[in-house]
Ligand SMILES: NC(=O)c1ccc[n+]([C@@H]2O[C@H](COP(=O)([O-])OP(=O)(O)OC[C@H]3O[C@@H](n4cnc5c(N)ncnc54)[C@H](O)[C@@H]3O)[C@@H](O)[C@H]2O)c1
């Protein structure tokens, strides 16, 4: 049997071991899904703290339940390690490491290059390597492939290489890896077939003709969201001037059964995907003397949303004869979206920074983020303030940045003096119109 047939047979009868590099928001749920589908899984991460917690049966991501992991450990289906020499034990290796932007908004492939080199020095014949991290079209062929082939092995013959974008939507209870189709593109037809068989074993694999096309699919999906969010963010500002409720308009438009998908405005973009991924494409486009105008315009509008929230807060305080300088402002929600404990790229940080620059005294509450860790850009080192009637009443303004389900908004409005609502979270709360400002 040739290597391809051998690996496909091992995947089909679940004797293949799946190695996952990077056990974060993407890698950890993926490891669970492969384990649940009958594969032996080895998780790899540089962060020994994460590995220790997993092996002790503790999750470090709120929405990812630990029980399936502990059950997999008990049955010998899961192990986690910082020992990358154990990559040789894996038949399929999936790369889920971060792909952020540099301060100059350019792709930062440091983690990916490091991981590729770690695999390259341990690559053995018959392995499948799949890149799952989001990146610009061409990364798998131009950056990963030459490094893996550097030792003399050939992709499609000795080992297999593909790209399959992750479609994780943290906190979404309706869709997980098992009912979300997975797009797959290989660097050769054989690579594509092997990767297709692997993903068909946990969900439905959708094949495209190349790794580059699969990379572009992911960026199209996230650019589509970024552009549509920018559209409703811009229309929100106009609707406020026209005294039209933009949420009422969007919800009514969403009753159209064809040709319209609803997107909702907010305080700005957050998370590891939508604010970042489109810029991977615009960076690559420069190589082709091409300007991605939609991406830039959407970025410009979305990035301006925190300033709009500040402007509305200043206006509202002015009406109360208060200045921003010296005002006590309580931010509700630092996570970039509701019900998750992920604050990466969150607009809350920008809003807090702008408030401080204007002399406000800022505090925050987030039920899922008890304290703020220093990030590349911000160093707040604050602890979450409990939501008590007194703390709410003490604030000159409360800004709802993230509409966590755990919040009782009627209660929040009752005890607050002024509420700036960026999420339509106070919809339907009667009798408090004079103290709620939509932003
Ligand atoms: N978070 C999401 O919702 C989401 C959705 C779709 C795609 N993505 C993409 O998936 C990728 C991973 O994102 P994430 O949110 O899981 O990131 P994350 O930061 O939550 O997890 C990445 C993990 O990789 C580890 N790591 C970093 N360098 C490593 C190395 N050299 N070797 C081993 N481990 C290493 C980190 O310690 C961390 O645990 C990114 O490209 C991201 O754009 C994320």
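Annotations for the structure displayed:
- Count of region 1-28 residues which are more than 16 Å from the ligand (Cβ to nearest atom) and either part of a loop (DSSP other than H, G, I, E, B) or under 21 Å from the mean Cα position of the chain (by Cα) (or both): 6
- Residue count for region 38-88 under the criterion of being in a helix (DSSP H, G or I), away from the ligand (no atom under 11 Å from the Cβ) and either touching a residue at least 12 places away in the same chain (Cβ under 8 Å) or buried (at least 17 other Cβ atoms within 10 Å of the Cβ) (or both): the result is 9.
- Selection count where residues are assigned to a loop (DSSP other than H, G, I, E, B) and surrounded by 14 or more Cβ atoms within 10 Å (Cβ to Cβ), scope region 246-261: 0
- Annotation: of all residues in region 121-132 being within 13 Å of the ligand (Cβ to nearest atom) and either in contact (Cβ under 8 Å) with a residue 40 or more places away in the chain or surrounded by 24 or more Cβ atoms within 10 Å (Cβ to Cβ) (or both), the one that is nearest to residue 11 (Cα to Cα) is 130.
- Of the listed requirements (1) within 16 Å of the ligand (Cβ to nearest atom); (2) farther than 30 Å from residue 212 by Cα; (3) assigned to a helix (DSSP H, G or I), residue 280 misses just one: (2).
- Screening residue 31 against (1) under 30 Å from residue 283 (Cα atoms); (2) within 18 Å of the chain's Cα centre (by Cα); (3) assigned to a helix (DSSP H, G or I) leaves a single unmet condition, (1).
- Residue 155 being in contact (Cβ under 8 Å) with a residue 40 or more places away in the chain and away from the ligand (no atom under 16 Å from the Cβ): no
- Scope region 365-417; condition assigned to a helix (DSSP H, G or I) and within 29 Å of the chain's Cα centre (by Cα); matching residues: 409, 412
- Candidates 135, 118, 140 - the one that is surrounded by fewer than 24 Cβ atoms within 10 Å (Cβ to Cβ) and either near the ligand (Cβ under 9 Å from one of its atoms) or closer than 22 Å to residue 223 by Cβ (or both): 118
- Answer residue from region 95-112, given it is modelled with pLDDT of 95 or more and within 9 Å of the ligand (Cβ to nearest atom) and is surrounded by the fewest Cβ atoms within 10 Å (Cβ to Cβ) among those: 110
- Number of residues in region 89-113 that are free of Cβ contacts under 8 Å to residues at least 12 places away in the same chain and closer than 17 Å to residue 22 by Cβ: the value is 2.
- Flag for residue 298 being free of Cβ contacts under 8 Å to residues at least 12 places away in the same chain, more than 23 Å from residue 391 (Cα to Cα) and either within 16 Å of the ligand (Cβ to nearest atom) or not in a loop (DSSP other than H, G, I, E, B) (or both): no
- Residue match in region 222-231 (condition: farther than 30 Å from residue 35 by Cα, surrounded by 14 or more Cβ atoms within 10 Å (Cβ to Cβ), free of Cβ contacts under 8 Å to residues at least 12 places away in the same chain and within 16 Å of the ligand (Cβ to nearest atom)): yes
- Taken over region 312-330, residues that are in a helix (DSSP H, G or I), in contact (Cβ under 8 Å) with a residue 12 or more places away in the chain and more than 22 Å from residue 349 (Cβ to Cβ) amount to 1.
- Every condition in (1) under 26 Å from residue 285 (Cβ atoms); (2) within 12 Å of the ligand (Cβ to nearest atom); (3) surrounded by fewer than 21 Cβ atoms within 10 Å (Cβ to Cβ) is met by residue 172 except one, and the failing one is (1).
- Look at region 1-29: where a residue is within 30 Å of residue 271 (Cα to Cα) and modelled with pLDDT of 95 or more and a partner is more than 16 Å from the ligand (Cβ to nearest atom) and in a loop (DSSP other than H, G, I, E, B), sitting 6+ places away or on another chain with Cβ atoms under 6 Å, you get 18/39.
Table: residues versus (1) touching a residue at least 24 places away in the same chain (Cβ under 8 Å); (2) under 22 Å from residue 217 (Cβ atoms); (3) in contact with a helix residue (DSSP H, G or I) (Cβ under 9 Å, 6 or more places away or on another chain).
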{"residue": "253", "(1), (2), (3)": "no, no, no"}
{"residue": "293", "(1), (2), (3)": "no, yes, no"}
{"residue": "302", "(1), (2), (3)": "yes, yes, yes"}
{"residue": "335", "(1), (2), (3)": "yes, no, yes"}
{"residue": "343", "(1), (2), (3)": "yes, no, yes"}
{"residue": "352", "(1), (2), (3)": "yes, no, no"}
{"residue": "358", "(1), (2), (3)": "yes, no, yes"}
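- The residue of region 277-291 that is nearest to the chain's Cα centre (by Cα), among those that are free of Cβ contacts under 8 Å to residues at least 24 places away in the same chain and surrounded by 12 or more Cβ atoms within 10 Å (Cβ to Cβ), is 282.
The values are calculated or read from the model by the stated rules, or taken from the named source; none is laboratory data. Predicted model, so just to flag it, every value in this text is computed and none were measured. With ideal geometry, Cβ positions are generated from the backbone for all residues, glycine too; neighbour counts draw on all protein chains shown.
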